[in-house]
Amino acid sequence: MIEFDEKERRMVLKLVYYGPALSGKTTNLLQLHDLLTRQGRGELMVLDTSGDRTIYFDLLPFFLTAPSGLKIKVKVYTVPGQVCHDATRKAVLQRADGVVFVADSNRAEAGSNVTSFDNLERNLSLVGLDIDSIPLVIQFNKRDLPAAVPEEEIRTTWDPTGIPVVLASALNGVGVSETFAVLAGLVYDRIDARFALAATHGLTRERFIAQLTSLKEEP
Amino acid sequence: MSADTLHFVVGEEKKVRELLLDADVIPLLKGALAAGASCARVTGDDGEELWGACAPAGRGELIRTLPLLLEGEPVAHLELFGAPEGRERLEPLASLLIVALDTVLRNSLKRVLTTEIHTSVVNSSHEELVAMNAELTKSEARYRELAENLELRVKERTAELRRTQAHLLQQERMAAVGQLAAGVAHEINNPLGFITSNLHTLQKYVARFCAMLQFYREHLELEQPRERLVAEAETKWRELKLPHVMADVGDLMAQSLAGAERVSRIVADLKGFSHVDESGDSVVDLNQELERTLTLLSHQLAGRAEIVKELQPLPEIKCQGQLPGQIFLNLIQNALTHAGASPRITLSSCFDGERIRISIADNGPGIPSALRGQIFDPFFTTLPVGSGTGMGLAVVWEAVLKLQGTVAVADAPGGGADFIITIPAGRN
Ligand SMILES: Nc1nc2c(ncn2[C@@H]2O[C@H](COP(=O)(O)OP(=O)(O)O)[C@@H](O)[C@H]2O)c(=O)[nH]1
Ligand SMILES: [Mg+2]
């Protein structure tokens, strides 16, 4: 958690989209930005310096208010996937409240997925977070690719770990808000246990998720 | 433990006051006045005015209030006032102004984030290798081979970092010396300029003296009556304006000689400061080194900064001669950079029987206690990225270390930074 100010009744949470370079993290944020209602979210800030590779990170902030008046700001970040930006990844991971790991379904990228996941595991422990208890969702992106690894194979690998897996095609807006909703639910459970969101602030799980993921009405 | 080595968390909340400078906002607000508004101000979320610009004629009517967003949250409001008749023109002006403010704020946030990331990356990449190595050594049995490799890499990397750092320190020393050289060049050029122009004038005067002598030589041969010779000589004398020339020539010579002396004094100071003629350690009086540094900086200081000296007699110390000058030069230049429009620099020295204590205090904004641990680090700078390598104080740190002393920063009385150097002395 970035900040909890009881007097100001303000809470700032941090969620991180992690994964190998070019797996579609920025695309996820771009789609969230476009799919979700304007009310309750800020503008997307893309801190890139060249081409399509995120050199630093992207940020998309969300806002919601609990019935008690507690203001919650959720800052969603992506990390740079390139191996050389490990220090940046750690700085972004620090005090994260939840992580989406965006894996690339392309079979050729299987190795990068593994390397990046190992890197996530190590960096979490380096910044003092526990991979077994931090809210974590795996998104297998680019399902639209013909060379995508079959779903069965993914299930065999990941189901035993208990980590929820969402299939997506971020480029086409498929599975993007679903991924975000699954993570939001896990994050809610964790924060609720510590800060009694429901009991003290009247904020239920459903309401938390709904406020973060309310889709735009079709015009 | 690695969590402690990262000093910066991405995502920490920033305040609008930390991100926008007066220099960013005020010109925009003034621009609005120039475009016809009678008052433009930015207020914080508690309604308090953060920045404002108003025409002397008074505020007029509130035309528009627009929120200024930071990461999507309203953190301030723009209020634009003017004559009601101008509303049609002023409303678009307000929209334009908020777009401008928004752009400045967004860029500033990006810049801050990028800089902070940079800093944490520089700080952590070395520590990261060390930490990784430590971790691996723990599970030695499994990773012995890898650990050995890593140790090698850490060593290589450490050596590489040292080399870069040494190189940057050297560059900074050169930069300080470069600035100094520019100042000194000016100091020398000045007297040299008038010496040259005096010589030109003297050349013309000498030609006239020669003409006069020539006149006598020729006329003496003619064996004219004496009265006639005297009268003609007098006319020639006046024609050549010799009364004026004679009066001026003494001044010109005296001035030129004084100029030449000034040049040789500056050169002597420079030699003294750089200790070029000495090899190995020399015996120096730190007060004298301070004075020399001031003399060399006199061009940068004259008319711009007030220097207060409170120097007490000091014992001499033995050291590499150029170190004290390096320390004083960097600290005084640092004070000049940070002390604002009318710098006052107070130099004091004293000796307590064991240690020499020298303090260089300025009347600038001072150094927040949170930054005091970092200012002597290589790369640290409070100036905008790109305007300095941030190595000046690191040079000081390194030089003080070579004198077996310490340097610390405290609050100067009445604000400002006070750099205190303590050097052991008195044990011969
Ligand atoms: N085919 C396909 N391409 C995608 C999908 N999502 C992202 N991409 C592409 O993958 C590339 C990298 O995406 P980006 O979001 O910049 O990756 P990041 O490095 O993880 O931020 C871009 O060319 C995207 O258009 C997807 O679902 N399907
Ligand atoms: Mg990206």
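The values are calculated or read from the model by the stated rules, or taken from the named source; none is laboratory data. Predicted model, so just to flag it, every value in this text is computed and none were measured. Please note: Cβ atoms are built from the backbone with ideal geometry, for glycine as well, and neighbour counts cover all protein chains shown.
For region A:10-41, taking the residues that are in a loop (DSSP other than H, G, I, E, B) and within 14 Å of chain B (Cβ to nearest Cβ), the one that is farthest from ligand 1 (Cβ to nearest atom) is identified as A:Gln39.
Is there a residue being touching a residue at least 60 places away in the same chain (Cβ under 8 Å), closer than 30 Å to A:Pro150 by Cα and away from ligand 2 (no atom under 16 Å from the Cβ) anywhere in region A:68-87? The answer is no; no qualifying residue exists. Of all positions in region A:119-136, none carries a residue that is within 11 Å of ligand 1 (Cβ to nearest atom) and modelled with pLDDT of 95 or more.
Here B:Ser274 fits the description: modelled with pLDDT under 90, surrounded by 12 or more Cβ atoms within 10 Å (Cβ to Cβ), hydroxyl-bearing (Ser, Thr, Tyr) and within 30 Å of B:Thr422 (Cα to Cα). Taken as a whole, the structure places B:Val10 among residues that are in a loop (DSSP other than H, G, I, E, B) and within 14 Å of chain A (Cβ to nearest Cβ).
Please work out if A:Ser112 is buried (at least 20 other Cβ atoms within 10 Å of the Cβ), within 16 Å of ligand 1 (Cβ to nearest atom), modelled with pLDDT of 80 or more and closer than 29 Å to A:Ala147 by Cα. Judged against the criteria, A:Ser112 is not a match.
Please specify each residue of region B:256-279 satisfying the condition of being outside any helix (DSSP H, G or I) and without any contact (Cβ under 8 Å) to a residue 24 or more places away in the chain. Answer for region B:256-279, where residues must be outside any helix (DSSP H, G or I) and without any contact (Cβ under 8 Å) to a residue 24 or more places away in the chain: B:Val276, B:Asp277, B:Ser279.
The helices (runs of 4 or more DSSP H) falling completely within region A:71-178 that include 1 or more residues that are more than 14 Å from chain B (Cβ to nearest Cβ) map to A:110-126, A:151-158. B:Gln333 meets all of the listed conditions (1) part of a strand (DSSP E or B); (2) under 22 Å from B:Thr406 (Cβ atoms) but one, namely (1).
Looking at A:Phe101, A:Phe117, A:Phe140, which one is among the aromatic types (Phe, Trp, Tyr) and within 16 Å of ligand 2 (Cβ to nearest atom)?
None of the other options fit; the residue is A:Phe101.
The condition (being away from chain A (no Cβ under 14 Å), under 35 Å from the mean Cα position of the chain (by Cα), of a type in the set (A, V, I, L, M, F, W, C) and surrounded by 15 or more Cβ atoms within 10 Å (Cβ to Cβ)) is satisfied by just one residue among B:Ala32, B:Ala23, B:Ala83: B:Ala32.
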